[in-house]
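Trainee: A single structure is presented below for examination.
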Amino acid sequence: MKFAEHLSAHITPEWRKQYINYEEMKAMLYTANEEAPALDSVEEDVRKRHFANFDENFYHYCDQELKKINTFYSEKLAEATRKYAALNTQLRTTLEGQQKSKSKGHSHKPINLPYRKAQELKLAFSEFYLSLILLQNYQNLNHTGFRKILKKHDKILASDNGARYQKEHVEMSHFFINKDIDKLINDTETTVTTQLEGGDRQRAMKRLRVPPLGEQQSPWTTFKVGLFSGSFVVLFVAVILSAVFHDSATGENLKIAFRLYRGPLLLIEFIFLIGVNIYGWRSSGVNHVLIFELDPRNHLSEQHLMEMAAIFGVVWTLSLLSFLYSTSLSIPPYINPLLMTVIMIAFLINPLRVFRYEARFWLLKTIGRMIAAPFFHVGFADFWLADQLNSLVTALLDFQFLTCFYVTNGNWLEAGSK
């Protein structure tokens with residue numbers, strides 16, 4: 001990935017104007033090179049004067065960018081320092097209050113915070129730690145941006161002025177040489193470990209750690225996407241051939257099955273296309289994690305969504321094959337779509353912390369806010385999901401048909417089994 005795309009993909013949207021204007025600086029370099037007089041038509045001194053004039057403007061622009069970045073970094077660092085002091089004061093006050101209550105009871109047990117208060121402090125420190133990582137990323141991205149653009153400057157203009165500017169200005173600037181952000185990160189890790197997690201650093205870091213920029217998918221996830229996608233394609237072909245050539249599949253049964261199975265298939269296709277969307281957003285530099293207010297530590301990637309769609313696709317095809325061959329298998333045909341729908345609903349509302357618990361309950365909470373929109377505050381994700389459901393009206397009508405079929409049809413167990 002080119003740096004311009006990498007920068008665009010990993011910036012904090014609210015800070016967009018405070019980052020190095022890499023694209024503008026790159027355009028300045030290419031324009032200067034294109035407008036330079038050709039060597040065969042002018043003397044070399046003319047070209048040198050052209051590039052000297054350009055360098056004057058270019059480095060003036062670099063100075064402005066450095067000033068902007070230094071100012072913003074200093075403001076955010078001061079804000080983070082104040083926030084850390086406030087959190088520490090809150091933690092200390094809570095601990096002192098607990099200590100006083102313990103001393104009144106003459107208890108010699110270790111001081112434990114009330115569960116609710118401990119959870120509030122853990123969440124507050126976790127969110128604060130995330131803001132520190134964002135500021136550290138801001139620091140690193142801007143330094144990398146200057147290094148890349150100045151290296152490009154020297155390559156295009158065949159000079160070493162960029163390297164000299166990098167050494168004398170960028171690497172001497174406040175945002176680069178100041179390491180207070182690293183100290184704040186370490187202090188936060190220590191505080192959470194010792195005061196909130198009972199000295200268990202592994203548990204503390206599990207709560208605090210943020211995935212690095214541009215983290216790659218695991219090969220195991222990629223393997224599962226390929227495995228289940230391939231299985232779905234093979235089984236889907238088997239479904240088509242069975243529907244066409246299998247004698248027991250009557251026309252009336254197929255019409256009903258079409259309505260019962262179409263809704264789940266459209267939903268599976270929707271999940272897969274959301275994965276494609278996320279891939280497109282990430283490739284185009286759209287930071288969907290911050291836009292949708294997802295947890296940067298724990299959210300689904302495009303491969304996770306494609307894997308989920310492929311697994312449900314396999315379940316869908318197996319259910320439909322079981323429906324088509326129900327006579328041979330000696331099972332009621334219409335139990336198959338019902339069982340498949342129950343599996344999908346059970347997956348969504350399963351309260352156990354397994355099978356993408358955080359993502360499932362983020363979706364359920366978003367649906368809840370969307371339904372209760374007249375009474376509660378709604379955000380971008382709620383509007384977005386409501387708009388997507390407009391596109392799924394056919395699937396929703398099919399689920400309505402499925403519900404009515406099983407509720408009003410008392411003899412569905414015997415239907416189609418003759």
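Trainee: Taking the stretch 107-145, which residues are surrounded by fewer than 18 Cβ atoms within 10 Å (Cβ to Cβ), at pLDDT below 90, part of a helix (DSSP H, G or I) and among the polar types (S, T, N, Q)?
Mentor: Across the stretch 107-145, the qualifying residue is only 119.
Trainee: Does residue 275 satisfy being part of a helix (DSSP H, G or I) and free of Cβ contacts under 8 Å to residues at least 24 places away in the same chain?
Mentor: No, not satisfied.
Trainee: Is it fair to say residue 214 is exposed (fewer than 13 other Cβ atoms within 10 Å of the Cβ), among the small types (Gly, Ala, Ser), at pLDDT below 85 and not assigned by the TED database to the domain that holds residue 358?
Mentor: yes
Trainee: Do we find a residue being surrounded by 14 or more Cβ atoms within 10 Å (Cβ to Cβ) and over 29 Å from the mean Cα position of the chain (by Cα) anywhere in the stretch 78-86?
Mentor: The answer is no; no qualifying residue exists.
Trainee: Just to be sure, is residue 70 touching a His at 6+ places or on another chain (Cβ under 7 Å) and within 26 Å of residue 174 (Cα to Cα)?
Mentor: When the stated conditions are applied, residue 70 passes them.
Trainee: So which residues in the stretch 290-339 are farther than 30 Å from residue 130 by Cβ, touching a residue at least 24 places away in the same chain (Cβ under 8 Å) and not hydrophobic (A, V, I, L, M, F, W, C)?
Mentor: Those that are farther than 30 Å from residue 130 by Cβ, touching a residue at least 24 places away in the same chain (Cβ under 8 Å) and not hydrophobic (A, V, I, L, M, F, W, C): 313, 317, 319, 325, 326, 327, 328, 332, 333, 334, 337.
Trainee: Would you pick out the residues in the stretch 170-186 that are surrounded by fewer than 17 Cβ atoms within 10 Å (Cβ to Cβ) and β-branched (Val, Ile, Thr)?
Mentor: 177
So that you can scan it fast, the table gives a plain yes or no per residue for (1) in the same structural domain as residue 123 (by the TED database); (2) at pLDDT 85 or above; (3) out of contact with any Pro (no Cβ under 8 Å at 6 or more places or on another chain):
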| position | (1), (2), (3) |
| --- | --- |
| 256 | no, yes, yes |
| 261 | no, yes, no |
| 284 | no, no, yes |
| 287 | no, no, no |
| 294 | no, no, yes |
| 305 | no, yes, yes |
| 317 | no, yes, yes |
| 329 | no, yes, yes |
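Trainee: A further question follows. Please determine, by comparing only the residues of the stretch 39-58 that are aliphatic (A, V, I, L, M) and part of a helix (DSSP H, G or I), which one is surrounded by the fewest Cβ atoms within 10 Å (Cβ to Cβ).
Mentor: Of everything passing the filter in the stretch 39-58, 52 is surrounded by the fewest Cβ atoms within 10 Å (Cβ to Cβ).
Trainee: Please find, among 69, 11, the residue that is surrounded by 11 or more Cβ atoms within 10 Å (Cβ to Cβ) and at pLDDT 95 or above.
Mentor: So the residue among 69, 11 that is surrounded by 11 or more Cβ atoms within 10 Å (Cβ to Cβ) and at pLDDT 95 or above is 69.
The values are calculated or read from the model by the stated rules, or taken from the named source; none is laboratory data. The model shown is predicted, which means the values in this text are computed figures rather than measured ones. Because the Cβ atoms are built from the backbone with ideal geometry, glycine has one as well, and the counts that use them run over all protein chains shown.
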